[in-house]
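The structure appears right after this line, and notes come after that.
All of the numbers you see were taken from the coordinates with simple rules; none came from a lab. Predicted, not measured: the structure shown is a model, and the values here were computed from it. FYI the Cβ positions are ideal-geometry reconstructions off the backbone, even for glycines, and counts take in every protein chain you see.
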Amino acid sequence: MKTERSKALFEKAQQFIPGGVNSPVRAFKAVGGNPLFIKSAKGAYMYDEDDNAYIDMINSWGPMILGHDYENVESQVALAIKDSLSFGAPTAKEIEIAELIISMVPSIEKVRMVNSGTEATMSAIRLARGYTQRDKVIKFEGCYHGHGDSFLIAAGSGAITMGEPDSPGVTKGTAKDTLTAPFNNLQAVKDLVEGNKGEVAAIILEPVAGNMGCVLPAEGFLQGLRTLCDQEGIILIFDEVMTGFRLSKGGAQELFGINPDLTTLGKIIGGGMPVGAYGGKKEIMDFVSPQGPVYQAGTLSGNPVAMTAGMVMLNYLNDHSEIYTQLNETTGKIVKGFNENLNKLNLNYTINQIGSMFSIFFSDTPVFDFESAKSSDLTLFGKYFREMLHKGVYLAPSQFETLFVSTAIGEKEIEQIVSANFEALEKIHS
Ligand code: HOZ
């Protein structure tokens, strides 16, 4: 596989961009080798600057749920651009997308658009604090909610991938207001709430964690948090940046039948453009400025081009709920193939899957929280990643990121992914 152009670009990039990338995980630091510079993508495939083709298993880390050529998004965006790229004034499109989101996500009664998942979570936490007049928040070890200061404590995703789950630069003052508990450990959360009686504004979590690899909530965990929050006047925030519009039209909350007070959204909501949103109960959302006292703003928030892309994507998903069955089936076939491969090779690694999100952990024990995720053999994962890449399958370059399947992956790709997995596992154990 020739990667000369990517290598040269990476060398040049490092002169001008910290680490040569605009988001850390992309640097391949945790898996070895040079990052590939991507030139284009179509359907299930990405093409690098050296013209190698890869089956895309991350799909822009989630947004490209329909693969890379949803023509309707592209054509509507092209039309929207003609009316100007940005106004900084209200548009009819913002009402349309707000109505659509509210109709799709069960717990959302009002919604505010922002530009990324990070903005959404930072704003939701401020709102929860302003509304409850309390300072502390509980997050879960290994959950990642973007790079806002309050969340870079025991953080997953790129933070743990780079070995910095507690980032320097976060003040002690901020850190002391973030309490952490192990994912899936309801008793630990109850103890924290008890020890900080009347001081906890919010509990925030990814209802299905995707930033320590894919980790599912244990039976009763989400319901237990809901009950606890109701009892203690705590705002329950589901960070559905990954799971929103992916696990079902209404996200994880619809799938599990648990309504949070606030929800944060990103990724799919922009159809590939930079969009985030936070929404929830009217009573709480009306605390946001200019209706209420909690300030949050953005020059490009509700940008007409981004809103167009998001709306076309969400309308499509809303009208085609059969794609969720298709995604479950496709992912199910890949995971079945991987499990058969593991059996044939006498290996006992853990695969976690829900809908179109899944991870293979290089660990022999079940993975249900950050500690068990961290028991994975990271050197082996790096070798596996590189082997898969050589076989034309582009995985997330970190053990601590989930994979995302798109509807563009068909039988031919499933076969290639499963046989690449067998050969890669065989090779790294030879
Ligand atoms: N933190 C992102 C996924 N959890 C990675 C984003 C990127 O590198 O593009």
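Brief remarks follow.
- Extents of the chain, largest first, come to 59, 54, 46 Å (Cα atoms, principal axes, whole angstrom).
- Three-way shape label, the stretch 54-110, alpha-carbon gyration tensor, a/c 1.5: oblate
- D_trans [Stokes-Einstein, Kirkwood Rh over alpha-carbon pairs] for the stretch 262-332, 4 °C, 1.567 mPa s, µm² s⁻¹: 91
- All Cα pairs of the stretch 233-295, percent lying beyond 19 Å: 36
- Counting beta carbons within 10 Å around each of 409, 95 and listing the fewest first gives the order 95, 409.
- Hydrophobic, long helices, defined as DSSP H runs whose alpha-carbon span along the helix axis is 30 Å or greater and whose mean Kyte-Doolittle value is at least -1.0, occur in the chain at 322-344.
- 378, 222 arranged by Cβ crowding within 10 Å, fewest neighbours leading: 378, 222
- Candidate cross-link partners of residue 412 among the lysines, defined by an alpha-carbon separation under 20 Å and a same-chain spacing of 8 or more, comprise 42, 333, 336, 391.
- Our helix-only sum for the chain, with -39,500 (n - 2.57) per DSSP H run of n ≥ 4 divided by its residues, gives a mean residue ellipticity at 222 nm of -12000 deg cm²/dmol.
- The alpha-carbon of residue 249 sits under 18 angstrom from the alpha-carbons of these lysines, leaving out residues fewer than 8 places away in its chain: 110, 267.
- The dipole here belongs to the chain: it is taken about the Cα centre, uses +1 on the Cβ of Lys and Arg and -1 on the Cβ of Asp and Glu, and is about 620 debye.
- Spatially proximal lysines relative to residue 176 (Cα-Cα < 22 Å; intrachain offsets below 8 disregarded): 136, 139, 190, 197
- Fewest-first sequence of 50, 166 by Cβ atoms within 10 Å of each Cβ: 166, 50
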